[in-house]
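Let me begin by presenting the structure, written as structure tokens, before commenting on it.
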Amino acid sequence: MKIKKLFFYLTILSFFSAIELRASFQCNDDFIVMPEKNTFQKQLDTILNKIKNKPVTISDDCKIGILTTYLAQFYLIDRNFSKALSISRIGLKYINMALKSDPNNESLLYWKIMLLTITPITSGPLKAINTIKEIKLLIEQQLKADPESKFRDGAWLRVYGRLYLLAPPFPLGYGDPYKGINYIKRSIKLYPNNIINNFLLAIGYALTGDKIKAREEAKKVSYFLSVNNKYKYHSFLKKANENLLMLLNSKGKIIRNKTIVQKVISYMLFF
């Protein structure tokens, strides 16, 4: 009888331990060391080959989602939109598989949003509009649960602001750089040490035509990078900020369809 009771309690304990482990799982990119595109592809191929004849774990789903996010964005920078879209679809497939077993995991939802962001840039108007609506709803749900946007130091405010900067304006979308600026400013107020916020704010000011304020924020980014050589996103942020400064130093109005603007926006998706 005592053995049965002991077995019962151990079963209950293991059940709740499993729940705790599932709830604490964090899908983050700590394993990424910012290599080149080819290295990302090799890492992705290795994982995909590994899981061919084996059960897929939530950790595998997570890594595939993250690797495809970065890889798709490399293809965006190369202007290879069809490849970027096909890669992002692979990532979404595995992230959605992970979300089936852990639907409220904010780290998985974050990478889903990052991958979904590829679609409006690489698809037709109707698909873009529907995807933007989906992204907007997902972010709003996360902000409702996490009003101070504690996850990844202001991530939900940051990606919401980025959505308003990237999306086409009404009636095709929700694009509004002024709203984008407001959300990014809120993120800066809560998390002043996250330099990505300053980079996005610089883009927001650039899109509203305020080159002076945009240049001020871009210079903050340049200074930060000059004294933080080991910053994880150093190479990407440096290239993005250089492109932005080139744009700000050019004559005339800032137009979205210029190649330089597209390069800035492509790098912007890394953040």
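Throughout, read-outs are computed from the coordinates displayed, never taken from laboratory work. Predicted model, so just to flag it, every value in this text is computed and none were measured. Cβ atoms come from the backbone with ideal geometry, glycine included; neighbour counts cover every protein chain shown.
Packing order of peptides 92-98, 212-218, highest average first: 92-98, 212-218 (average count of other Cβ atoms within 10 Å over each peptide's residues). Histogrammed with a bin width of 10 Å, the alpha carbon distances of segment 124-187 distribute as 24, 51, 22, 2 percent, first bin at zero. A Förster radius of 45 Å, combined with the Cβ-Cβ distance separating residue 219 from residue 126, puts the computed FRET efficiency at roughly 0.65. Overall, the anisotropy analysis places segment 47-187 in the oblate class: the square-rooted eigenvalues a ≥ b ≥ c of its C-alpha gyration tensor yield a/c not less than 1.5, with a/b not exceeding b/c.
In this calculation the C-beta distance from residue 49 to residue 102 is compared with R0 = 25 Å, giving a FRET efficiency of 0.50.
Rounded, prolate or oblate: pick one for segment 118-261, where a ≥ b ≥ c are the square roots of the eigenvalues of its C-alpha gyration tensor, a/c under 1.5 means rounded, and failing that, prolate if a/b is larger than b/c, else oblate. Taking the square roots of the gyration eigenvalues as a ≥ b ≥ c, segment 118-261 is oblate. Segment residue 79..residue 228, full-extension length gain: 50.7 nm, with 0.36 nm per residue of separation and the alpha-carbon distance subtracted.
Full extension of the chain between residue 144 and residue 89 yields a length gain of 17.1 nm, computed as 0.36 nm times the residue separation minus the alpha carbon distance.
Take the alpha carbon gyration tensor of segment 36-123, find the square roots of its eigenvalues, order them as a ≥ b ≥ c, and report rounded if a/c is under 1.5; if not, report prolate when a/b exceeds b/c, else oblate. Oblate.
Averaging the sequence gap over all C-alpha pairs within less than 8 Å and six or more residues apart, then dividing by the number of residues, gives segment 88-159 a relative contact order of 23 percent.
Derived scalar couplings between HN and Hα for segment 44-50 equal 5, 4, 4, 5, 4, 5, 5 Hz in order, rounded to whole Hz, by the Karplus curve 6.51 cos²θ - 1.76 cosθ + 1.60 (θ = phi - 60°), x for Gly and Pro. Check cross-link reach from residue 133 to the aspartates and glutamates: straight Cα distance under 16 Å, and skip same-chain residues fewer than eight apart. Filter leaves 176. Each Cα pair under 8 Å and six or more residues apart adds its sequence gap; the mean of these over the residue count of segment 36-123 is a relative contact order of 30 percent. For the set 144/239; 83/144; 150/232; 42/179; 144/219; 63/230, the pairs lying more than 31 angstrom apart at their alpha carbons are 144/239; 83/144; 42/179; 144/219.
The aspartates and glutamates whose alpha-carbon is closer than 20 Å to the alpha-carbon of residue 251, local same-chain residues fewer than 8 away aside, are 210, 216, 217, 242.
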